[in-house]
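The values are calculated or read from the model by the stated rules, or taken from the named source; none is laboratory data. The shown structure was predicted, so the numbers you read here are calculated from the model rather than taken from an experiment. Cβ coordinates were reconstructed from backbone atoms using ideal geometry, including for glycine residues, and neighbour counts include every protein chain displayed. Quick note on the areas: whole protein, heavy atoms, side chains included, nothing else; ligands and nucleic acids left out. Shrake-Rupley method; radii C 1.70, N 1.55, O 1.52, S 1.80 Å.
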Amino acid sequence: MPASPSTARAINDRLALRLLQQEGPLTAGQLKQLTGLSRPTVADLVERLTASGLIEMVGESGEQRRGPNARLYGIVADRAYLAALDVRLEGVSVLVSDLVGRVLAEASVPIDDDSGTGPAVEQAVALVERAAKEAGAEHLHTVCVGAPGLIDPTTGELRDTSGLPAWHRRLVAALHERLPDTRIVVENETNLAALAEQRDGAAHDRDTFVLLWLGMGIGAAVVLDGTLRRGASGGAGELGFLPVPGTRGLPSATDCEGGFHSLAGAGAVLELARECGVLGVEGAEGSSAAEVVRWAVAGVGGSEPGARGDAGAGGGADAAATPDGASAPDYARAARFLDTLADRLALGVASVVALLDPGCVVLGGEVGQAGGDELAVRVAERITRMSPLPAEVRPSALGGAAVLRGALLTAQDGAQGELFG
């Protein structure tokens with residue numbers, strides 16, 4: 001049965017709006033070409049969407065043509081304002097944008113462990129309010145909060161996970177109280193990072209991949225056939241609890257110590273750096289895990305793949321293999337550190353590959369980005385030896401910034417979906 005005229009108009013409107021979301025401002029001629037609709041139908045929907053306040057003329061095409069240039073139409077950016085939050089153990093960062101994702105304000109605030117739940121929550125909420133005011137947003141349509149821990153797939157709320165500060169859960173309730181007319185969305189930080197890497201980063205050409213988050217904690221996000229998979233209880237990708245060889249014990253239901261976290265978390269990376277003698281050299285002492293990895297990558301940069309050496313296979317580094325500006329001892333320390341770190345990471349990656357066959361694993365978070373191609377290639381070499389399944393290993397393109405980017409994209413998609421139908 002053919003669609004009624006009103007249904008056909010609604011379908012055409014949604015199609016045009018989706019194209020404007022994806023492509024940015026377009027002329028009526030471009031909309032005609034992309035939609036396959038007739039010229040009168042496109043003219044009608046442009047007039048209808050303009051009258052409803054959903055799109056507006058934002059300029060001219062600038063094409064070299066006889067007569068006036070074609071008008072460019074785009075989504076009305078100030079129809080709604082959005083906020084993205086990245087909630088960490090040590091503080092909060094926020095971005096405020098318009099409906100098309102243009103960032104209007106950004107800020108962050110450190111939160112001390114001893115602040116107390118009430119003051120910590122007040123600091124975080126006040127940060128959001130200040131950023132919104134700076135952006136000129138009288139009302140926030142949607143706020144997306146990226147947080148560590150498990151998100152209940154039924155309620156969408158942050159679960160009471162041990163090890164996380166109490167102010168994390170209280171923050172969501174406080175945002176509901178202070179912003180009663182705002183849609184509040186909560187998502188696991190690693191899942192948001194994966195969405196950002198898929199849209200704008202290392203996995204932009206992949207419908208199926210796994211993001212391995214390497215930072216203070218360890219986690220993974222699973223994207224299969226273009227869909228983020230959260231699991232029955234919201235815990236898909238809790239790779240930090242994966243039992244692996246080389247730890248002092250086994251993880252428990254309340255503590256990931258003894259799991260993969262004990263080999264690959266930031267604390268474990270720094271301990272490995274001490275064992276390899278990396279932290280005793282100039283430029284690495286007193287550094288974070290990501291900074292130490294970055295130092296090691298710089299220490300081996302410029303060497304040919306065959307000259308890296310493999311600590312697990314008895315390989316080494318001599319003066320001939322060192323890059324310009326690096327001494328042989330520093331090169332040896334850096335190579336041993338990266339090789340041993342790759343050995344550890346390969347345990348988690350191989351488990352993911354064997355279970356899910358994702359074809360691509362992105363090493364995300366600050367440590368994954370710091371390791372770059374040097375670390376990714378090392379891990380890939382080990383996976384080739386450990387698994388019969390092909391798996392490309394890529395470094396993150398966005399690093400720690402991926403959480404905020406993913407939160408902003410999630411807020412934007414949700415708001416546009418609600419406003420545009």
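Can you tell me which of (1) within 20 Å of S351 (Cα to Cα); (2) part of a loop (DSSP other than H, G, I, E, B) is the one L228 doesn't meet? That leaves (2) as the condition not met. Can you tell me how many residues in the range 353-383 are over 21 Å from D205 (Cβ atoms) and either open to solvent by 40 Å² or more (accessible area, probe 1.4 Å) or in a loop (DSSP other than H, G, I, E, B) (or both)? Residues that pass the stated criteria total 4. Scanning the range 105-124 for residues that are more than 20 Å from the chain's Cα centre (by Cα) and either at pLDDT 95 or above or among the acidic types (D, E) (or both) returns D112, D113, D114, E122. Please verify whether the range 225-233 includes one or more residues that are without any contact (Cβ under 8 Å) to a residue 60 or more places away in the chain, crowded, with 16+ Cβ neighbours inside 10 Å and of a type outside the set (A, V, I, L, M). No - not one qualifying residue is present in the range 225-233. Screening P251 on (1) more than 11 Å from G348 (Cβ to Cβ); (2) surrounded by 11 or more Cβ atoms within 10 Å (Cβ to Cβ); (3) out of contact with any Pro (no Cβ under 7 Å at 6 or more places or on another chain); (4) of a type outside the set (A, V, I, L, M) shows it passes everything except condition (3).
Restricting the range 223-277 to residues that are β-branched (V, I, T) and modelled with pLDDT of 85 or more, the residue that is farthest from D205 (Cα to Cα) is T247.
Taken as a whole, the condition of being modelled with pLDDT under 95 and closer than 13 Å to R378 by Cα applies to D310. Please find, among A407, A391, the residue that is in contact with a Cys (Cβ under 8 Å, 6 or more places away or on another chain), farther than 30 Å from L20 by Cα and not charged (D, E, K, R). Result of the check over A407, A391: A391. Taken over the range 234-267, the criterion of being free of Cβ contacts under 8 Å to residues at least 60 places away in the same chain and not in a loop (DSSP other than H, G, I, E, B) is satisfied by G240, F241, P243, G259, H261, S262, G267. Once the range 13-40 is narrowed to residues that are open to solvent by less than 50 Å² (accessible area, probe 1.4 Å) and either over 32 Å from the mean Cα position of the chain (by Cα) or of a type in the set (V, I, T) (or both), the residue that is nearest to G74 (Cα to Cα) is T27. Are any of the residues in the range 388-398 assigned to a helix (DSSP H, G or I), aliphatic (A, V, I, L, M), at pLDDT 95 or above and open to solvent by less than 30 Å² (accessible area, probe 1.4 Å)? No: the range 388-398 contains no residue that is assigned to a helix (DSSP H, G or I), aliphatic (A, V, I, L, M), at pLDDT 95 or above and open to solvent by less than 30 Å² (accessible area, probe 1.4 Å). Filtered by the rule that a residue be open to solvent by less than 30 Å² (accessible area, probe 1.4 Å), over 21 Å from A397 (Cβ atoms) and among the hydrophobic types (A, V, I, L, M, F, W, C), the range 334-352 gives A334, A335, F337, A346, A350. Residues that are basic (K, R) and either within 11 Å of the chain's Cα centre (by Cα) or more than 24 Å from A376 (Cβ to Cβ) (or both) within the range 174-227 comprise R178, R183, R199, listed in sequence order.
Restricted to strands (runs of 3 or more DSSP E) entirely inside the range 76-192, those with at least 2 residues that are out of contact with any His (no Cβ under 7 Å at 6 or more places or on another chain) and farther than 16 Å from A411 by Cα are 91-98, 103-110. Once the range 117-136 is narrowed to residues that are surrounded by 14 or more Cβ atoms within 10 Å (Cβ to Cβ) and of a type in the set (G, A, S), the residue that is farthest from T182 (Cα to Cα) is A120. The criterion of being over 18 Å from A196 (Cβ atoms), in contact with a Ser or Thr (Cβ under 8 Å, 6 or more places away or on another chain), assigned to a helix (DSSP H, G or I) and without any contact (Cβ under 8 Å) to a residue 60 or more places away in the chain holds for A350.
Condition check ((1) of a type in the set (F, W, Y); (2) modelled with pLDDT under 90; (3) in contact with a Ser or Thr (Cβ under 6 Å, 6 or more places away or on another chain)) across all residues:
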site	(1), (2), (3)
S38	no, no, no
T41	no, no, no
T50	no, no, no
G53	no, yes, no
G59	no, yes, no
E63	no, yes, no
G67	no, yes, no
Y73	yes, no, no
L82	no, no, yes
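Would the range 97-105 turn up any residue that is surrounded by fewer than 16 Cβ atoms within 10 Å (Cβ to Cβ), of a type in the set (A, V, I, L, M) and within 26 Å of L195 (Cα to Cα)? Yes, the range 97-105 has at least one match. Taking D152, is it in contact with a helix residue (DSSP H, G or I) (Cβ under 8 Å, 6 or more places away or on another chain) and closer than 20 Å to G406 by Cβ? Spelling it out, it is not the case that D152 is in contact with a helix residue (DSSP H, G or I) (Cβ under 8 Å, 6 or more places away or on another chain) and closer than 20 Å to G406 by Cβ.
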